[in-house]
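Every read-out reported here was derived from the displayed coordinates using simple, explicitly stated rules and does not represent laboratory data. None of the values given here were measured: they were computed from a predicted structure. Positions of Cβ are generated from backbone atoms using ideal geometry, with glycine treated the same way; all protein chains shown enter the neighbour counts.
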Amino acid sequence: MSQSPILQSPVLQSPVLQSFIAGEWLGNQAGQALASPVNGETIYHTHAETIDFGRSLEFARTKGRAALMAMDFQSRASCLRDLGKYLLEHKESLYAISLLTGATRNDSWVDIEGGAGTLFAYASVGRRELPSGNLIHEDDAFPLGRDGQFFGSHILVPRQGVAVHINAFNFPIWGMLEKFAANFLAGMPCIVKPGTSTCYLTQACVRLMQESGLLPEGSLQLIIGRTGDLLDRLDGQDVVTFTGSASTAAKLKVTPNIINNSIPFNAEADSLNCAILAPDVSVDSPEFDLFIKEVAREMTVKAGQKCTAIRRVLIPENQVQAVSERLTARLAKVSIGDPHLDTVRMGALASFEQKADVLAQLEQLLKSSQVVYGHEDGFELLGKGSEKGAFVRPTLLLSNDPDAEGGAHDIEAFGPISTLMPYKNIDHAIALAARGKGSLVTTLVTQDPEIARKVVPALAAWHGRVHILNEASSKESTGHGSPLPMLKHGGPGRAGGGEELGGIRGVKHYMQRAAIQGSPTMLSAVTGEYVRGGETYESDVHPFRRYFEDLRIGESLLTHRRTVTETDIVNFGCLSGDHFYMHFDDIAARDSQFEQRIAHGYFVLSAAAGLFVSPGEGPVLANYGLDTLRFITPVPIGDTIRARLTCKRKIDQGKLSPKGEPQGVVVWDVQVTNQHDELVASYDILTLVKKQLD
């Protein structure tokens with residue numbers, strides 16, 4: 001076996017890759033040989049030992065679940081943040097290994113630092129959007145009866161099983177972390193099976209995560225090699241996610257055990273994504289150049305091995321020559337070869353099997369298209385031994401008949417290959433885009449908002465994400481091929497019909513939603529949130545005088561009263577500059593639906609704050625925000641209002657004030673009523689509240 005930089009890495013030191021199962025590294029005997037796609041030399045072997053998946057699942061369901069449930073959303077979010085930091089501190093060891101997959105450093109950035117970035121994003125989701133504890137109250141409780149003592153709502157709790165992630169070869173790190181981040185935050189242990197051809201990079205990442213000491217025991221396991229009987233051992237509390245070919249997804253999805261136990265199966269499969277050059281874009285416009293750059297980039301980044309890569313390039317019939325010439329000129333400048341060389345801009349495919357598959361699909365595409373650039377043309381490879389590698393030249397095709405069945409509408413060559421497809425008008429372009437039968441993403445390049453208004457809704461029916469690109473957005477755009485943690489990743493139809501990421505949505509995939517019914521007091525006890533009509537607690541101590549730890553959910557204050565006068569309205573109007581006729585024009589107000597002048601809504605809000613705020617120095621540090629504000633009943637001159645302030649929810653984010661003092665967020669339910677006990681205003685106010693120092 002020849003030496004390679006990977007064998008010198010402090011992360012991977014053995015030529016036999018190991019699985020991480022039930023808290024132990026498994027594998028000493030050499031199994032399948034893995035060849036470097038850069039020069040064909042053997043760099044690693046999978047292990048030959050058989051994995052006991054019964055033991056693996058038991059370990060995850062007992063040790064893993066217990067360890068995760070000993071934490072809460074906030075602490076798991078902090079763990080994700082610390083894991084992201086640790087991976088970035090050790091990223092160079094991962095970059096060194098990633099080169100052996102055929103990826104350039106620029107390719108690897110998305111995989112390595114993008115993966116860490118996803119951990120940070122989900123850490124932020126947890127800290128900002130999720131409560132303390134392990135239960136999410138999904139929406140406000142609502143009355144189901146007339147007397148206010150029978151309410152309904154929804155909660156989300158962590159599923160009690162294991163998330164099994166079967167990932168593709170093209171993003172060995174990001175592909176794992178974008179799923180792991182969501183299931184970990186949800187409180188569900190996972191077992192990861194990476195694509196075999198690049199699994200050594202996934203193993204390197206898992207070793208780092210394990211060596212960090214941050215991972216709770218049993219929260220993450222790694223399979224090198226086959227899944228064996230794993231899918232046959234799952235039950236209804238488990239979840240399976242898959243990224244890969246549509247044919248493999250179809251086979252796995254109908255595994256009898258998955259069907260019989262109604263096990264959730266989320267698939268991200270083949271995707272014949274497209275980019276559309278709108279007819280309003282001229283050759284000399286900035287948007288034309290942006291279109292060319294976007295297509296060329298998606299053809300060459302990761303050597304076109306991206307589930308989001310542009311496979312179909314939809315262009316006006318009168319732009320075929322201009323687009324062909326510009327793309328050809330740009331692709332001709334791309335240097336190809338050993339990614340260890342700084343001068344190389346495109347590396348190899350991930351394996352020789354992948355190269356054979358891409359070339360086979362290319363031959364099928366050539367039955368309905370012709371070569372514009374690439375394929376049979378000779379091309380220079382940079383780097384010693386690269387002639388033995390799994391390299392494919394960027395190839396641009398032109399469809400002979402874009403309206404015909406098959407061809408680029410049905411065949412995905414998972415490499416640096418795209419097909420130009422001329423369209424007659426924008427309606428024709430929309431129809432051609434839909435011929436992909438469901439894709440992850442499409443890009444529309446246009447200068448005209450009216451075109452976007454018409455086209456985007458039509459594209460959205462067939463695509464999981466629509467990227468609108470023009471000169472204004474280009475300076476900040478993350479591009480066609482970059483799924484973002486806060487946006488949904490997935491697509492309908494051929495793309496698998498699944499969803500990943502999407503911020504909090506991704507977390508909810510690993511939780512069970514249940515409807516709950518009962519009295520407000522009972523729902524408050526279950527959700528950890530005050531429900532109006534439930535039991536409240538009043539004392540001689542103002543709630544604003546209590547530290548975060550001492551506040552109880554349901555702790556309440558009913559204020560004294562205040563009668564609204566004409567002077568109040570005049571003074572507030574002069575102070576705010578709001579002289580709206582309903583507050584100042586007696587004649588117009590009498591002709592309105594209210595039949596009299598009324599107080600400003602924001603005066604009512606301010607007056608309520610004056611009623612419930614404790615003015616002295618205390619644990620409440622600042623107003624953090626206002627949610628769900630509604631003005632319900634008008635307040636005319638002479639009405640008397642009062643407010644009820646109740647501790648609704650507490651969120652311990654583990655944050656410190658600028659002075660280094662620990663603090664939490666308290667959400668208060670505020671109800672403002674009039675002299676008839678009618679609700680006139682309702683809202684949630686958020687405050688930062690100091691914790692007691694030890």
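Looking only at the chain, where both bridge partners belong to it, what percent of the DSSP beta bridges are antiparallel (to the nearest 5)?
Taking every DSSP beta bridge with both residues in the chain, the antiparallel ones total about 60 percent.
My understanding is that a pair violates if its Cα-Cα distance is over 30 Å; which of Lys302/Lys475; Lys193/Lys367; Lys424/Lys488; Lys193/Lys384; Lys251/Lys488; Lys179/Lys388 do that in this structure?
Too far apart for the 30 Å limit: Lys193/Lys367; Lys424/Lys488; Lys193/Lys384; Lys179/Lys388.
When the Kirkwood radius is taken over all Cα pairs of segment 307-359, what Stokes-Einstein diffusion coefficient follows at 10 °C and 1.306 mPa s, in µm²/s?
116 µm²/s
Angle, helix 449-460 long axis vs. longest principal axis of the chain, Cα atoms, 0 to 90°, nearest 10?
80 degrees
Let me know the longest stretch in the chain that avoids all trypsin sites (Lys or Arg not before Pro) found in a DSSP loop with at most 13 other C-beta atoms within 10 Å.
147-332
Rounded to the nearest whole Å³, what is the per residue volume of the convex hull around the Cα atoms of segment 213-276?
159 Å³
From zero up to wherever the largest Cα-Cα distance of segment 565-694 sits, split into 10 Å bins and tell me the percent of pairs in each.
11, 35, 29, 16, 7, 1, 0
Can you pull the Kirkwood radius for segment 617-685, inverse mean 1/r over Cα pairs, to one decimal in Å?
13.9 Å
Mind listing which GluC sites (Glu not before Pro) in segment 358-461 are in a DSSP loop and have 13 or fewer other Cβ atoms within 10 Å?
Here the sparse-neighbourhood loop sites are Glu376, Glu380, Glu405.
Kirkwood hydrodynamic radius (Cα pairs, Å) of the chain?
Computed over Cα pairs of the chain, the Kirkwood hydrodynamic radius comes out at 28.5 Å.
Would you mind getting the Kirkwood hydrodynamic radius of segment 522-562 from its Cα pairs, rounded to one decimal in Å?
By the Kirkwood definition, the hydrodynamic radius is 11.4 Å.
Quick check: net charge around Val541, other residues with Cβ under 11 Å of its Cβ, Lys/Arg +1 and Asp/Glu -1?
Neighbour charge sum, excluding Val541 itself: -2.
Treating only the Cβ atoms of Lys and Arg (+1) and Asp and Glu (-1) as charged, compute the dipole magnitude of the chain about its Cα centre; round to the nearest 20 debye.
So the magnitude is around 980 debye.
Does anyone have the angle between helix 286-300 and the longest principal axis of the chain? Alpha-carbon axes, 0 to 90°, nearest 10?
It is inclined by approximately 60 degrees.
Does segment 334-454 come out rounded, prolate or oblate by the C-alpha gyration tensor, with a ≥ b ≥ c the root eigenvalues, rounded set by a/c under 1.5 and, if not, prolate when a/b is larger than b/c and oblate if not?
Since a/c reaches 1.5 and a/b is larger than b/c, the shape of segment 334-454 is classed as prolate.
Tilt of helix 174-186 relative to the longest C-alpha principal axis of the chain, in degrees (0 to 90, nearest 10)?
Compared with the principal axis, the helix lies near 30 degrees.
Could you give me the radius of gyration and the Dmax of segment 361-414, taking only the C-alpha atoms into account and expressing both in angstrom?
13.5, 44
Among the lysines, select those whose C-alpha is under 20 Å from the C-alpha of Lys659, and discard any that sit fewer than 8 residues away in the same chain.
Within the straight-line cut-off, Lys659 pairs with Lys690, Lys691.
If you wrap a convex hull around the C-alpha atoms of segment 1-152 and split its volume per residue, what is the figure in Å³?
171 Å³
Once the other residues with Cβ under 11 Å from the Cβ of Gly187 are scored (Lys, Arg +1; Asp, Glu -1), what is the net sum?
+2
What span do the alpha-carbon atoms of segment 167-252 cover on each of the three principal axes, reported in whole Å from largest to smallest?
38, 30, 21
Dimensions of segment 550-616 along principal axes (Cα, Å, largest first)?
51, 25, 17
Which whole-number percent of Cα pairs in segment 425-526 have a distance greater than 19 Å?
56 percent
In segment 65-163, how does Rg compare with the Kirkwood Rh, expressed as the Rg/Rh ratio over alpha carbon atoms?
Rounded to two decimals, Rg over Rh is 1.21.
With a sphere of radius 14 Å drawn around the Cβ of Arg513, what net charge do the other residues whose Cβ falls strictly inside it have (Lys, Arg +1; Asp, Glu -1)?
+1
Tell me the GluC sites (Glu not before Pro) within segment 549-628 that lie in a loop according to DSSP and have at most 13 other beta-carbon atoms within 10 Å.
Glu595, Glu617
When a/c is below 1.5 the answer is rounded, else prolate if a/b is larger than b/c, else oblate, so apply that to segment 403-463 with a ≥ b ≥ c taken from the square roots of the Cα gyration tensor eigenvalues.
Prolate, since a/c reaches 1.5 and a/b exceeds b/c.
Computed on alpha carbon atoms, what radius of gyration and Dmax characterise segment 148-297, expressed in Å?
Using the Cα atoms of segment 148-297, the pair Rg, Dmax is 20.5, 68 Å.
If you take the Cα atoms of segment 223-355, find Rg, then find the Kirkwood Rh from the mean of 1/r over all pairs, what is Rg/Rh?
Result for segment 223-355 is an Rg/Rh of 1.13.
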